[in-house]
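Rule-based calculations on the coordinates, nothing more; no lab input. Just so it is clear, the structure is predicted and the values come from calculations on it, not from any experiment. Cβ: placed from backbone, ideal geometry, glycine included. Neighbour counts: every protein chain shown.
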Amino acid sequence: MSQLLLLVEDEESLRSMLREHFLSEGFQVVEARDGQEAIRLWDEFRPALIVLDIMLPAMSGIEVLKQVRSADNTPIILLTARADEVDKLLGLELGADDYISKPFSPRELSARVRAVLRRTQRGDEVMVATYKNLKLDISRFEVYLGSTLLPLTSTEFKILSLLVEHPGQVFSRLQILERTLGDIYEGYERTIDTHISNLRRKMESVTPQDVKIKTVYGVGYKLMGEEQA
Amino acid sequence: MSKLGLAGRITAILILIAVISTSLSGIMTLFITKKQFAGYVDQYSQATARQWSEIANLYYTTHGNLEGIQELLVDTSQAVTGKASLRKGLNSRVMGNMRRLVIADTNEQVVADSSGVLLGKNLDERIPGMSKFPLMSDENRRIGTLYIAGPLGAGISSLENTFISNITTQIIICIILVAFLALFLGLLLARQITSPLGEISAAIHQLAKGKLGVKVNPHGDRELVSLAQDFNLMAARLLDQEQNRRRFMSDIAHELRTPLSILRGRLEALQNGKWENSEQQASSLVDEVIRLTRLVKDLESIGLAESGALQINKAPIDINDIVDHLTPLRLAMEEDQIRFEVEIDDRVKQVDADSNRLMQILINLINNAMRHTESGGEISLDIAEVKNDVLFSVHDNGSGIPQEHLLNIFDRFYRADESRSRESGGNGLGLAIARSLVEAHGGRIWVESPPGQGTTFYFTIPVTDIRLI
């Protein structure tokens, strides 16, 4: 089931980039350039979630947020250009579900969109990501390889879920680090190697294994099927 | 008064004080002079009265009444005669200055008048301007009345008047002179006071126009010298800040230039097909962008912290959690064969801080320590409670920091070792961020690096009362 997102962003290039990204991630997108258009489109389409820039012409994102909240609980993720904590807090107190500050990774944004949707549409589906015989229960932080539960640390779980979401794609150590430990650890990309080797060891203890984490020399890691290796 | 200005006010007050004090002393002089004169005149009148009452008594005893005493009076007043019996006890010097005398008998009939005008007339009332003295006989019987002319009109009185009017004139001249002197001195003094003020004011205008190099020459009174010195201090600080800001801006530009050049070069190579679109290339571009993003975030948190707008969300953090979060660093140190030791004071269980910020402070400090520690070295983290603070110290046994760099070590983009590259030296913001985050927590940060003993960074996080409950 593909869900409809309302994307409110006044900057043309960023908006089209995000549109392409969301489409490639399997969402449907309607776009608004300013606050008034956002309200109109929200009223017309009733999207599953709104990605809302705070700084907008005509009507600010905060104003849009207030109007939407006065009517219903459509999930809203705020985009802020300034990590000004005031903006963030104000946004959250007014009922935003999450925020992300520019510059951000589109992949990170779609992960948050999924997380918010998962949270707000609780119960209807168990969020599971699978690849080959690898199964991740994201809501319970559990990983099954075949039928065996892997005892993973939270960092290992985060690494694996990043790789499972995009199988076959190479991630640099810095990318993995940023997603799993946060950007304050920049410069410690090598510690990812330790986590990966632990992860591999745990996965290799289970047979049969259809998947493995492959080292791409000079780049990073990717998840791939055993037969491709 | 307020529109008069400092100079006007000082001058006016000086003149006022001068005039008042001169007038007062003049009035005092006049008063004292008059009093002295009056006392003198009074004394003289008494002496004269005493003489004449003796003379009258003698005359009365001889003649049985005062008829004919006029003769004696005129005689005495006109010349000094040889009547020794009548002039007993008289002072001839005083007699020469004799004033008008009138003698009346018991019926108020004038029997003698030195000017002869009232002779033979009846005195019904007191003669104005004359002092009255009773004349008594030996048997203490009233035999008549002696009138002595008052100071006015008499020779001695006009002398007194001349004297007093002389003094008055001189006092008035004095007041005018002193007022002018006060005016002159006041203007001089005011000029002396206001000229440094004028200089400072001119310097402030220069400063407002952006000439930050301006300085004033401290002179004048102590307060004005200190004001000028304060101004110079302020101007120097502003200049310093401005230079700091400019350097910061150019440093930012420089720091952005490198990753942007890399990105541009690689993207253009991709664009014109010289570079194959491989996973490796794409990943390196992403890494470069992640570093750029990180730099932007760092700059932002420094900016926020310096403008005091950094939001610190304090919450009690378990000390063990902090240590757990250092795992990536621990792993990196293992790989570099650096020994890492953590020592925690038993009393410290929790620290009240913003978890992410505290981690960033620690990571930045340990990061810095790692960069200056050779393989086989040692880094230690101590957490202890000192007074009302939790004291963190990060020690390394590395090469240490030369003294001349210690002062600037927390400056943005300051690198003790200029030759360090971006990769090996970090982005030059780590310690600056650590400092701003510590200060945002209300703590202190400092560094000690005795030669040959490695380097220790210390910082404190204040203990809040929550822990005491």
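Averaged over peptide B:325-336, the number of partner chain Cβ atoms lying within 10 Å of each residue's Cβ comes to 5.
Taking the fewest neighbouring Cβ atoms within 10 Å as the starting point, the ordered list for A:M55, B:M130, B:M234 is B:M234, A:M55, B:M130. Quick note on region B:315-468: its Rg to Rh ratio, both from C-alpha atoms and Rh being the Kirkwood radius, is 0.95.
Within straight-line reach of B:K297, meaning a Cα separation under 17 Å, sit the following lysines at least 8 residues removed in sequence or on another chain: A:K88, A:K102. The C-alpha atoms of chain B define a longest principal axis, and helix B:69-78 lies at about 60 degrees to it.
Using +1 on the beta carbon of Lys and Arg, -1 on that of Asp and Glu, and nothing else charged, what's the dipole of the protein assembly as shown about the Cα centre, debye to 20?
Result for the protein assembly as shown is approximately 2960 debye, rounded to the nearest 20.
Among residues other than A:E9 with Cβ under 12 Å from its Cβ, the summed charge is -3 (Lys and Arg +1, Asp and Glu -1). In debye to the nearest 20, how big a dipole does chain B give about its Cα centre with +1 on each Lys and Arg Cβ and -1 on each Asp and Glu Cβ? Computed charge dipole of chain B: roughly 3120 debye. Only beta bridges with both residues in chain A are counted; by DSSP, about 55 percent of them are antiparallel. Each other residue within a Cβ distance under 12 Å of B:I167 adds +1 if Lys or Arg and -1 if Asp or Glu, for a net charge of 0.
Mind pulling the angle between the C-alpha long axis of helix B:430-440 and the longest principal axis of chain B? Nearest 10 degrees, somewhere in 0 to 90. The helix B:430-440 is inclined about 50 degrees to chain B. Students often get this wrong, so check it: of A:K202/A:K222; A:K214/B:K274; A:K135/A:K222, which have C-alpha atoms separated by over 24 Å? Those over the limit are A:K214/B:K274. Here the protein assembly as shown is described by how far its Cα atoms reach on the three principal axes: 174, 70, 58 Å, from widest to narrowest.
For region B:196-251 and region B:288-353, what is the centre-to-centre distance using only Cα atoms, to the nearest Å? Rounded to whole Å, the Cα centres lie 40 Å apart.
Residues whose amide H falls under 5 Å from that of B:I344, counting only those 5 or more places apart or on a different chain, are B:I383, with hydrogens built in the peptide plane. Computed from Cα positions, the angle between helix A:35-45 and the longest principal axis of chain A comes to roughly 70 degrees.
Report summary: the helix-based calculation at 222 nm, which adds -39500 (n - 2.57) for every DSSP H run with n ≥ 4 and divides by the residues of the protein assembly as shown, gives -17000 deg cm²/dmol. Each label point was placed 7 Å from the Cα along the Cα-to-Cβ direction; for B:L267 and B:S195 their separation is 6.5 nm. Subtracting the Cα-Cα distance of A:A81 and A:Y144 from their residue separation scaled by 0.36 nm leaves 18.7 nm.
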